[in-house]
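Student: I'd like to ask you about the structure that follows.
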Amino acid sequence: MNHLKTLLICALWLSSVVAFSQEQNSVLWKISGNGLQSPSYLFGTIHIICPDELELSPKVLEALNKSQQLILELDMDEPTFIQEMQQLSINSDMRNLSSLLSEQDIESLNSFFMSNYQADMSQLGILKPFALLSMMFIKGLDCPQPGSFEQLLLTYAEAKNWDVSGLETIQEQIDVFEQVSEIEQMNWLVNYAKNEKEFKAGLAKLVEAYQKEEIVKILDLMTEYPEYKNIEDALLYERNEKWIEKFVKNASDKSTFFAVGAAHLGSDMGLVELLRKEGFVLTPIMD
C-alpha cells in the first residue's frame, strides 16, 4: 500500500470538551519553568492537509531552530515503521470484513472505493477498519494527494541529524480502535460513504479552523463525529495521561519539539493543562 504513514496518522480524529478561552487559541506553545534549562515546544498538527496549505509558519520554524530533538506520536523514523504498519493493518487470517455488512452497505462502500481507489471490498475488505477509514479521510480533502506536518517535521529533523522518537507504538494506537466492535467500525465507513458530501464539508471546516488556529472551534467540530464518543477517553484523555511522563523526561533532558494532533492540546484534560499540573509554564506563541 502507498502512503501508509499518512493512512495511519490521519485515522486519529478526536473529540473533546472545550475548556480553552478564545485568546488562548494557538497551535504552538512554549514549555518552560519547573527547572528546565531551556524551553521546549508543543505543536498541534492536523494529520492530513492539502499540499498548498502545508507549510511550517515562521513561528514554528523559529521554535524548531531553538530545539534539539523531535518527538511525534509515532516514531516514523524507525526503519521497520512501514513494514510493521503493513502487517498491523491487515485482519488476522486475511479475513474479509464484507461478511459483516448487508449487500446494500457493501455496494455503498464498493461505489466509494472504486471511484477513489479503483478497488472494491472484495480486495480491500482484508484491511482493518481504521485503515479503510484513513483511506476515506484522504479522499475527503479536495486534492489528489494530501500531505502531513509530521512528514515535514521528520524531514527537518533528518536534515539536522536529530534524535526522533515516538510517544507510543503503532500497536498502541490501533488498540484504541479495537475497543470498538468491527461491525460498529464498519458502520462508520458505510455512514461516510452514504453521506460523502457532508463528510467532505465537515473536513473542510476542520481544516479552515486549523489554519486559523481556532483550537476551541476544532474541538467543537470534532463533536460532530458522534461515533468517537464510545472511545473518547481512550482516544484522547488516556493517551494524554500516558504521554506526560515522556514529556517531562525529554523536556528535562534537552530542548524538545513535541508534535501531536491539535485536539490533544485543549480541554481541562489536554496536554497544556496536564503539563501545567506538572509545574511547567505553558505559554501560547501567537503570530
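The values are calculated or read from the model by the stated rules, or taken from the named source; none is laboratory data. Bear in mind the structure is a predicted one, so any value in this text is a computation, not a measurement. Cβ: placed from backbone, ideal geometry, glycine included. Neighbour counts: every protein chain shown. Remember, those area values only see protein heavy atoms, side chains included, never the ligands or the DNA or RNA. Shrake-Rupley method; radii C 1.70, N 1.55, O 1.52, S 1.80 Å.
Student: Being within 10 Å of Gly125 (Cβ to Cβ) and of a type in the set (Ser, Thr, Tyr) is the filter here, so list the residues in segment 85-111 that pass it.
Tutor: Ser98, Ser99 - these are the residues of segment 85-111 that are within 10 Å of Gly125 (Cβ to Cβ) and of a type in the set (Ser, Thr, Tyr).
Student: Of all residues in segment 43-54 being touching a strand residue (DSSP E or B) at 6+ places or on another chain (Cβ under 6 Å) and under 20 Å from Ile285 (Cβ atoms), which is surrounded by the fewest Cβ atoms within 10 Å (Cβ to Cβ)?
Tutor: Ranking the qualifying residues of segment 43-54, first place goes to Leu54.
Student: Can you tell which of Gln145, Gln179 is part of a loop (DSSP other than H, G, I, E, B), open to solvent by 10 Å² or more (accessible area, probe 1.4 Å), under 20 Å from Leu88 (Cα atoms) and modelled with pLDDT under 95? Give the steps one after another, and end with the answer.
Tutor: Working: Gln145 fails: under 20 Å from Leu88 (Cα atoms).
The conditions single out Gln179.
Student: Could we say that Asn96 is at pLDDT below 95 and farther than 22 Å from Glu241 by Cα here?
Tutor: Values: at pLDDT below 95: no; farther than 22 Å from Glu241 by Cα: yes.
No: the conditions fail for Asn96.
Student: Determine which member of the set Ser57, Ser26, Ser89, Ser40 is among the hydroxyl-bearing types (Ser, Thr, Tyr), under 23 Å from Leu206 (Cβ atoms) and open to solvent by less than 10 Å² (accessible area, probe 1.4 Å).
Tutor: Details: Ser57 fails: open to solvent by less than 10 Å² (accessible area, probe 1.4 Å); Ser89 fails: under 23 Å from Leu206 (Cβ atoms); Ser40 fails: under 23 Å from Leu206 (Cβ atoms).
Step by step, each of Ser57, Ser26, Ser89, Ser40 is checked, and only Ser26 is among the hydroxyl-bearing types (Ser, Thr, Tyr), under 23 Å from Leu206 (Cβ atoms) and open to solvent by less than 10 Å² (accessible area, probe 1.4 Å).
Student: Can I ask one more? Mind checking whether some residue in segment 234-253 is farther than 21 Å from Ile174 by Cα, among the hydroxyl-bearing types (Ser, Thr, Tyr) and either at pLDDT below 95 or surrounded by fewer than 22 Cβ atoms within 10 Å (Cβ to Cβ) (or both)?
Tutor: Checked segment 234-253: at least one residue is farther than 21 Å from Ile174 by Cα, among the hydroxyl-bearing types (Ser, Thr, Tyr) and either at pLDDT below 95 or surrounded by fewer than 22 Cβ atoms within 10 Å (Cβ to Cβ) (or both).
Student: Can I ask one more? Of all the residues that make up segment 175-204, how many are closer than 17 Å to Gly125 by Cα and not charged (D, E, K, R)? Let's see the steps before the verdict.
Tutor: As a first pass, look at segment 175-204 and keep what is closer than 17 Å to Gly125 by Cα: 177-178, 181-193.
From what is left, the residues that are not charged (D, E, K, R) are 177, 181, 183, 185-193.
So the answer is 12.
Results for (1) hydrophobic (A, V, I, L, M, F, W, C); (2) touching a helix residue (DSSP H, G or I) at 6+ places or on another chain (Cβ under 6 Å), shown as yes or no for each residue.
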position: Thr155; (1), (2): no, no
position: Gly166; (1), (2): no, no
position: Gln211; (1), (2): no, no
position: Ala234; (1), (2): yes, yes
position: Trp243; (1), (2): yes, no
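Student: Then there's this: Just checking, how many residues over segment 155-190 are under 21 Å from Gly44 (Cβ atoms) and over 15 Å from the mean Cα position of the chain (by Cα)?
Tutor: 6
Student: If you don't mind, another one. Given the criterion modelled with pLDDT under 90 and open to solvent by less than 40 Å² (accessible area, probe 1.4 Å), identify the matching residue among Leu271, Leu221. Don't jump to the end; show me each part of the working.
Tutor: On the way: Leu271 fails: modelled with pLDDT under 90.
After applying the criteria, what remains is Leu221.
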